[in-house]
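Below: one structure, written as structure tokens.
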Amino acid sequence: MDFSDYEKIVEKTDLNCSVNGDKLAYALVGMVGEIGEFAEKIKRIYRKDHKLDSNYKHLLALELGDVLWYLTKAAKELGCSLEDVAKLNLEKLEKRLKDKKLRGNGDLR
Ligand SMILES: [Mg+2]
């Protein structure tokens, strides 16, 4: 599956919700909520409620999928595709690697 195939499925499963008409805000709130669900499951490993076995890794992967769904929505609201986002990220990281600035602070280093 490539990014555009995934985006088509997101589109089909989108209920077109918003926060007071703001779809980007809805995507943000949804993404943060799903990251919270992922964090909660990680916490349960440290609390010894769960082991990081293959079944639990599957549940964690499902939560990451939920994050990806909302990330896709957020990108769309910004007029970007997932491929755009991935390319921008790779360009940024490759520049930092070339400039030996992988460590440090600041978005535009
Ligand atoms: Mg979830």
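Structure notes:
- Under the membrane-span-like helix rule (DSSP H runs whose alpha carbons stretch at least 27 Å along the helix axis, mean Kyte-Doolittle hydropathy 0.0 or higher), the chain yields 23-46.
- Comparing Asp53, Asp22, Asp66 in a Gaussian network model of the chain (Cα springs below 10 Å), the most mobile by mean-square fluctuation is Asp53.
- Mean separation of Cα contacts under 8 Å (6+ apart) over length of the chain, as relative contact order %: 31
- For the options Leu52, Leu78, Leu97, a Gaussian network treatment of the chain with springs between C-alpha atoms closer than 10 Å singles out Leu97 as fluctuating the most.
- Accessible area expressed per residue, segment 3-83, with surrounding protein chains retained (probe 1.4 Å, Å²): 68
- Highest average packing first - 26-39, 6-19, Cβ atoms within 10 Å: 26-39, 6-19
- When a 1.4 Å probe is rolled over the protein heavy atoms, the share of accessible surface on segment 29-95 that falls to carbon and sulfur comes to 62 percent.
- Just checking the listed ones, Leu90, Leu64, Leu24: in the Gaussian network model of the chain with Cα springs under 10 Å, the one fluctuating most is Leu90.
- Using all pairs of distinct alpha-carbon atoms, the Kirkwood hydrodynamic radius of the chain works out to 16.1 angstrom.
- Amide H partners (placed H, <5 Å) of Val19, local residues excluded: Ala25, Tyr26
- Computed per residue of the chain from DSSP H runs no shorter than four, each worth -39500 (n - 2.57), the mean residue ellipticity at 222 nm is -24000 deg cm²/dmol.
- With a simple spin-label model that places each label point 7 Å from the Cα along the Cα-to-Cβ direction, the separation between Glu77 and His58 comes to 3.3 nm.
- Using a simple spin-label model with pseudo-atoms 7 Å out from Cα toward Cβ, Ile35 and Met1 lie 2.2 nm apart.
- Taking each residue as 0.36 nm, the span from Lys48 to Leu102 lengthens on full extension beyond its C-alpha to C-alpha distance by 16.0 nm.
The values are calculated or read from the model by the stated rules, or taken from the named source; none is laboratory data. Here the structure is a predicted model, which is why all the values come from computation and not from measurement. Glycine gets a Cβ as well: all are built from the backbone with ideal geometry, and neighbour counts include every protein chain shown. The protein model used for the area step is the full one, side chains on, heavy atoms only, and it has no ligands, DNA or RNA in it. Shrake-Rupley method; radii C 1.70, N 1.55, O 1.52, S 1.80 Å.
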